[in-house]
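Step one of this worksheet: look at the structure below.
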Amino acid sequence: MKQNENIHIENHPDYKGLKVNAGIDQPPAINPNGIRGKVKKRPLLSADDYLKGILHGDRAVLSRAVTLVESVKPEHHELAQEIIMRCLPYSGKSIRVGITGVPGAGKSTFIEALGKHITSQQGKLAVLAIDPSSERSKGSILGDKTRMEELANNPNAYIRPSPSAGSLGGVARKTRETVILCEAAGFDNIFIETVGVGQSETAVHSMVDFFLLLQIAGAGDELQGIKRGIMEMADGIVINKADGTNIDKAELARVQFANALHLFPLSPSGWVPKVMKCSSKTSEGIENVWKMVIEYLSFVQENGFFDTRRNQQAKYWMYESIDQYLKSSFYGHIGIKNEIKRIEDAVLNQKMSSFVAANELLKIYFRSK
């Protein structure tokens, strides 16, 4: 008997007819032949290579370009802006839809159901997200790619989680720039989802053609938690989860929202927002939701509001970009970094007013310009 077989009590002579064979030695937990050290990062492509890959619909190159746009490293900024400028002539031809809704409204399931309908009609869809909560949690919405598993694996769909950190303004601006890249890559439908609540709805509204508010019934007073501003921004309201025992409640909610919309002034577009119901689970009503979006676009293109709105959005983002750049330049200034804590302490100790302190910091900033 081999020596290492003796460790099994079953091999003792008292146990008749039993025998346990020796096992094999286990390999080490870490492969000694594995790669040591950090994995080398892929080198940046040239602007020509990025443009070529994007225009050919190369999703890997598109993802690398989006990562470049999202980068906070100053050395990436110039290349990212060059890529965006060169993609600009190939953009602007998509349908841009903003989607927001209360937590639990089923946005991910709804987007997947609507996305599957669009791709089944030979459309190409890019799903982007604005996540203002990331500034606090440093988290990402990578979970959306798992919740929308079928859509994520669809060759005609592209799902991009929002950056994992950054202010709402910064994340929104980068999402706006990502739209340009996705359009140049051939995606003719862009969904922009708001993951958080609050000002993110305004940010999304400023970059889409159609703004959709997703609601559910049976969760108490349906109108109670809805801000007037969001209701006024909506071009359409959809009551989701209208299935099973919830169908009657969904119809009641639809009537309540339709009545509430009559209390608001008419939209500048002249469009009267519609309230519909659907089930993302069964896809009942999903096709009608998309028909509503197409009907709206035909309406605003005929009366000229479509171009007016896009021009207003372009102007808005020009000034928003100026604000973001000035803010970044101010707080990144070496003189401000050296003095801001001292002046802040003076304000907190009642030795200087907030307005005088701001003026002092601005003098420091402009003195070196």
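Couple of notes before you dig in:
- Charge dipole (Cα centre; +1 on Lys/Arg Cβ, -1 on Asp/Glu Cβ; no other charges) of the stretch 316-367 amounts to roughly 200 debye.
- Which listed pairs, of Lys73/Lys337; Lys73/Lys93; Lys93/Lys281; Lys274/Lys315, have C-alpha distances above 20 Å, in listed order: Lys73/Lys93; Lys93/Lys281; Lys274/Lys315
- Debye, to nearest 20: dipole size of the stretch 262-369, +1 on Lys, Arg Cβ, -1 on Asp, Glu Cβ: 400 debye
- Working ranking of peptides 246-254, 63-71 by packing, defined as the average number of other Cβ atoms within 10 Å per residue, highest first, is 63-71, 246-254.
- Ordering His205, His262, His77 from the fewest to the most neighbouring beta carbons within 10 Å gives His262, His77, His205.
- Ranked Met231, Met85, criterion: other C-beta atoms within 10 Å, fewest first: Met85, Met231
- Ranked from largest, the principal axis spans of the Cα set of the stretch 227-369 equal 63, 38, 30 Å.
None of the figures in this text is laboratory data; all of them are computed from the coordinates on show. In this text, all values refer to a predicted model and were calculated from it rather than measured experimentally. So basically every Cβ, Gly included, is an ideal-geometry build from the backbone, and we count neighbours across all protein chains shown.
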